[in-house]
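Everything below concerns the one structure shown next.
The values are calculated or read from the model by the stated rules, or taken from the named source; none is laboratory data. For clarity, every value in this text was computed on a predicted model and none was experimentally measured. Every residue, glycine as well, gets a Cβ built from its backbone with ideal geometry; the counts of neighbours run over all protein chains shown. Side chains included, ligands, DNA and RNA excluded: accessible areas come from the protein's heavy atoms. Shrake-Rupley method; radii C 1.70, N 1.55, O 1.52, S 1.80 Å.
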Amino acid sequence: MSKRDDILTTALRLFNEHGYQAVGVDTIRDEANVSKMTLYNHFRNKDKLVEEVLKLRHQRFKDSLEASLDSITGAKEKLREVFNWHTRWFFSPDFFGCMFIRATGEYHNAEGMVLISQDHKQWIACLLEDIFHEIEVDDPASVARFFQTTLDGMIINASIFHTFDRINEVWQMLCRYVGLPYEPLQPPR
């Protein structure tokens, strides 16, 4: 792994666990075992580092979700898997909420971070829209945005309540909303 990758991986872990403002570049430098000069040779400033971390987080998120969907054949099953994937994430040891929501909260005036966060959320909406086209729901784009926004609420809810029953209850309501037969989500292990 390159020094740049070491810095990004370390920063991603630290920002995910503690937030962006709470983690200084000195902590990242020390944890990544690089010099300050090396860190600044790769990232002009902390804002640029945060932007690159968000890009990395998006790529990892996308790769993981797409891999999870690869073996799923039907559109209704794909939709359920999107929510199962999120449920597994909510109960994983590295779940500390959404790094994109946190970034826009901590850096709401930083255009680069806001745009990266918007792109991430739009990617999820587009993925859902493709699924809703296959299911043939009315106005798949609007339904996809509604489901994507609901997923954001579920992320926050999972952070606060950390209960599977609440997540599954929302899933049941979403199934009813689009007229799909309800099949419970897979409980976390």
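In order along region 15-30, phi translates into HN-Hα couplings of 5, 4, 6, 10, x, 7, 5, 6, 10, x, 5, 5, 5, 4, 4, 5 Hz, rounded to whole numbers, per the Karplus curve 6.51 cos²θ - 1.76 cosθ + 1.60 with θ = phi - 60° and x for Gly and Pro.
Taken about its Cα centre, region 3-153 carries a charge dipole of about 560 debye when Lys and Arg each add +1 at the Cβ and Asp and Glu each add -1 at the Cβ. Heavy-atom accessible area, probed at 1.4 angstrom with all protein chains present, ranks Glu111, Glu51, Glu66 as Glu111, Glu66, Glu51, highest first. If you wrap the tightest convex hull around every Cα atom of region 1-129 and split its volume per residue, you get 108 Å³. A 1.4 Å probe run over the protein chains yields, for region 1-117, 49 Å² of accessible area per residue, whole-number rounding. Binning at 5 Å from 0, report for region 1-71 what percent of all alpha-carbon pair distances ends up in each bin. Result, from short to long distances: 3, 17, 27, 23, 13, 7, 5, 3, 1 percent. Element breakdown for region 115-181 at a 1.4 angstrom probe: carbon and sulfur atoms account for 53% of the accessible area. Straight-distance candidates among the lysines for linking to Lys121, with alpha-carbon spacing under 25 Å and chain neighbours fewer than 8 residues away dropped: Lys46, Lys48, Lys55, Lys62, Lys76, Lys78.
Shape analysis of region 88-140 based on the Cα gyration tensor places the equivalent ellipsoid semi-axes at 26, 18, 7 Å, largest first. Across region 79-87, rounded Karplus estimates of 3J(HN,Hα) from the backbone phi angles (6.51 cos²θ - 1.76 cosθ + 1.60, θ = phi - 60°) give 4, 4, 5, 4, 6, 5, 4, 4, 4 Hz, Gly and Pro being marked x. The alpha carbon centroids of region 1-72 and region 113-189 are separated by 26 Å.
For Tyr177 and Ser68, FRET efficiency with R0 = 30 Å and r from the beta-carbon atoms, rounded to 0.05? Given R0 = 30 Å and the Cβ-Cβ separation, E is 0.85.
Only alpha carbons enter this Debye calculation for region 64-161, each as an equal point scatterer, and the log10 of I(q)/I(0) it gives at q = 0.10, 0.13, 0.21 Å⁻¹ is -0.29, -0.49, -1.16. Computed from phi, the 3J(HN,Hα) profile of region 103-119 under the Karplus parametrisation 6.51, -1.76, 1.60 (θ = phi - 60°) reads 4, 5, x, 7, 10, 5, 9, 8, 4, x, 5, 5, 5, 5, 5, 4, 4 Hz, with x in place of Gly and Pro.
Label sites at Arg60 and Arg166, each approximated as a point 7 angstrom past Cα along Cα to Cβ, lie 2.5 nm apart.
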